[in-house]
Amino acid sequence: MLIEVRDDGDDGWEFVSPWNDEELHEIHLHNTFGTRSHAATTAFLGEVGKLCRRDFDHDIQQWKINETDLNAALDWIASIEPRNPIEAATALQMLALHRMQMSLSRGALNSGGMVMTREAALAGKLSQRFAMLQASLRDGRGTRKPISRQSIKVSKETHHHQHIHVHRRDQQNDGQPHGPTDALIDQCAALPSPNQAGDGLPLPSDEREARVPHSRGQEPRRAKGKG
């Protein structure tokens with residue numbers, strides 16, 4: 001959008017199309033504000049102009065709307081894609097809140113010196129109002145903000161402990177004397193036996209007595225034979 005100086009204008013200037021095709025420019029404005037009404041488009045365009053800064057034009061010696069702010073505001077509204085005048089009005093209010101919030105934020109920062117609490121509080125409230133308008137616009141279109149769902153899966157794990165006892169040979173157990181191995185037992189020879197039945201060797205009675213020590217002062221007794 002261009003601003004052209006005209007003597008017959010209300011403010012000494014008017015909005016003009018940057019293109020040669022006037023009809024295409026009108027269609028573009030109607031799509032920007034979501035309406036086919038020429039009167040509604042003109043009214044919205046005037047309201048947008050009032051939210052923009054004014055610069056002093058030395059050529060015409062008067063104040064006029066800053067073209068950069070005007071085109072940025074129109075692009076803002078067009079990005080929301082209003083479908084009707086109500087949505088266009090909501091977009092215009094969001095633009096106004098954004099401009100005020102930015103101005104108060106600059107004042108709250110105080111050029112980096114210190115934070116002004118009053119301006120900071122007002123800027124925070126404007127930010128909340130902006131979010132409310134955005135939610136209202138979204139709800140009016142039937143597109144709610146997607147809700148993220150978190151699912152937690154609980155699984156049961158069973159641990160089975162099994163103890164295995166391994167009897168290893170001495171050569172497999174680093175030579176530790178934990179007990180005789182099967183190989184060592186096999187190598188031991190059996191004691192000699194006087195008979196094939198494996199009975200123990202009988203000892204004579206005299207030899208048994210000789211092996212028993214006598215008490216002091218006592219002679220060994222012999223069994224008396226029967227007369």
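Bear in mind that the values in this text are calculations on the coordinates, not laboratory data. All of these numbers come straight from a predicted model, not from anything done at the bench. Please note: Cβ atoms are built from the backbone with ideal geometry, for glycine as well, and neighbour counts cover all protein chains shown.
Summary of values
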| read-out | value |
| --- | --- |
| Label-point separation in nm, residue 47 to residue 19, each point 7 Å along Cα→Cβ | 2.5 nm |
| Packing-based order for 94-106, 75-87, 53-65, using average beta carbon neighbours within 10 Å, highest first | 94-106, 75-87, 53-65 |
| Reference-scaled alpha-carbon Rg (2.2 N^0.38 Å with N residues) for region 82-144 | 1.35 |
| R0 of 22 Å, Cβ-Cβ distance residue 93-residue 68: FRET efficiency to nearest 0.05 | 0.55 |
| Projected label distance in nm at residue 31 and residue 75, using a 7 Å step from Cα toward the beta-carbon | 1.7 nm |
| Pairwise label distance in nanometres, residue 114 with residue 55, each label 7 Å out on the Cα-Cβ vector | 3.6 nm |
